[in-house]
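Comments concern the structure below.
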């Protein structure tokens with residue numbers, strides 16, 4: 001099935017619709033498929049489906065870092081090097097990011113780092129990733145204790161696994177000035193006797209052709225050059241397709257979402273928009289995010305399609321299918337995942353060239369957090 005889906009796109013490639021994305025534009029065979037110049041025997045990163053120069057990503061569990069995403073805390077560092085980036089409402093309408101790294105050893109600065117919430121713990125644990133964070137909510141701490149999950153927490157390891165940026169503190173509040181790095185993360189892991197050895201876990205399936213030969217898959221449901229969706233009244237995101245790079249560039253607060261380490265806008269080969277029930281659980285505004293199952297959309301190569309997703313247990317990975325129940329395969333590359341309240345689905349805007357107006361795919365849940 002994967003091969004059939006990917007080969008279908010090859011006909012479009014032959015017509016030049018996605019020529020800029022193809023790694024070997026001259027190697028178009030008579031049937032419209034793109035031939036591989038040579039077999040690449042390097043290991044594959046399970047989180048991206050891309051070939052890598054060593055087998056570290058295939059033999060070590062990833063780490064997930066909790067990232068501050070308040071407007072007052074921007075810009076962040078180290079997000080461009082993450083393999084998967086999750087964004088979910090934390091409380092009071094603000095979002096936080098969970099950056100998953102298959103290999104954080106060479107990342108010099110990541111953050112600013114903030115406290116964990118249950119949803120991020122569950123998403124990280126779904127990849128068997130060790131969570132790097134600075135504090136927890138009451139609900140998050142209870143989840144960690146109940147499941148015996150070991151993490152690297154700045155509340156206990158502030159001088160071991162984290163650094164405080166004194167220069168930044170001249171113009172930023174203290175809570176926006178704590179960072180970590182690949183080197184510091186390793187020190188924290190050593191201090192807690194946490195080993196990353198072992199095969200990583202990832203529910204994502206990647207198109208074999210895009211992984212090894214440069215053939216790409218584009219959904220046929222409709223065109224999606226720009227995708228806008230609100231998390232809350234505080235923050236809305238926009239994904240804009242760049243045909244030159246064949247990636248979606250991320251915008252928030254009406255501006256490009258920049259990684260200060262590179263000075264470039266964050267961009268992704270795949271974007272998954274997942275709708276579910278999000279409800280407020282206390283006076284502070286902490287929320288409960290239902291990660292059992294739901295509906296959503298997959299965006300790639302300027303196209304999109306409705307999907308279904310499920311997770312289930314704390315340690316279960318997210319898995320995805322098409323609407324007909326067949327497995328969803330992603331193009332190899334970096335992935336952005338937004339988990340959004342189903343109450344906000346009516347505000348989703350996909351433009352231009354939709355084949356038809358998508359039907360509401362509410363999961364039927366109750367209330368949502370601002």
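Residues that are crowded, with 17+ Cβ neighbours inside 10 Å and more than 15 Å from residue 67 (Cβ to Cβ) were ranked within the stretch 257-269; the one that is nearest to the chain's Cα centre (by Cα) is 268. Only a single item in (1) under 21 Å from residue 206 (Cβ atoms); (2) modelled with pLDDT under 50 is not met by residue 30, and it is number (1). On inspection, residue 336 qualifies as in contact with a strand residue (DSSP E or B) (Cβ under 9 Å, 6 or more places away or on another chain), in contact (Cβ under 8 Å) with a residue 60 or more places away in the chain, at negative phi and not in a loop (DSSP other than H, G, I, E, B). Just one of the numbered conditions (1) in a loop (DSSP other than H, G, I, E, B); (2) buried (at least 16 other Cβ atoms within 10 Å of the Cβ); (3) modelled with pLDDT under 95 is not true of residue 105: (2). Among the residues of the stretch 334-359, those that are surrounded by 13 or more Cβ atoms within 10 Å (Cβ to Cβ) and modelled with pLDDT under 95 comprise 354, 358. Of all residues in the stretch 297-333, those being outside any strand (DSSP E or B) and more than 21 Å from residue 119 (Cβ to Cβ) number 10.
Per the listing 89, 107, 113, the residue uniquely farther than 29 Å from residue 206 by Cα and either under 16 Å from the mean Cα position of the chain (by Cα) or touching a residue at least 12 places away in the same chain (Cβ under 8 Å) (or both) is 113.
Residues that are modelled with pLDDT of 95 or more, under 23 Å from residue 83 (Cα atoms) and in contact with a strand residue (DSSP E or B) (Cβ under 8 Å, 6 or more places away or on another chain): find the helices (runs of 4 or more DSSP H) completely inside the stretch 151-265 holding 1 or more of those.
Details: elements: 154-161, 182-191, 208-212.
By residue number, 154-161, 182-191.
Looking across the stretch 284-329, the residues that are surrounded by 15 or more Cβ atoms within 10 Å (Cβ to Cβ), touching a helix residue (DSSP H, G or I) at 6+ places or on another chain (Cβ under 8 Å) and closer than 25 Å to residue 241 by Cβ come down to 294, 301, 318, 329.
Of 123, 85, all but one fail to be out of contact with any helix residue (DSSP H, G or I) (no Cβ under 6 Å at 6 or more places or on another chain), surrounded by 22 or more Cβ atoms within 10 Å (Cβ to Cβ) and assigned to a helix (DSSP H, G or I); the exception is 123.
The values are calculated or read from the model by the stated rules, or taken from the named source; none is laboratory data. Predicted model only: the values in this text are computed from it and were never measured. Cβ sites come from the backbone with ideal geometry, for glycine too, and all protein chains shown count toward neighbours.
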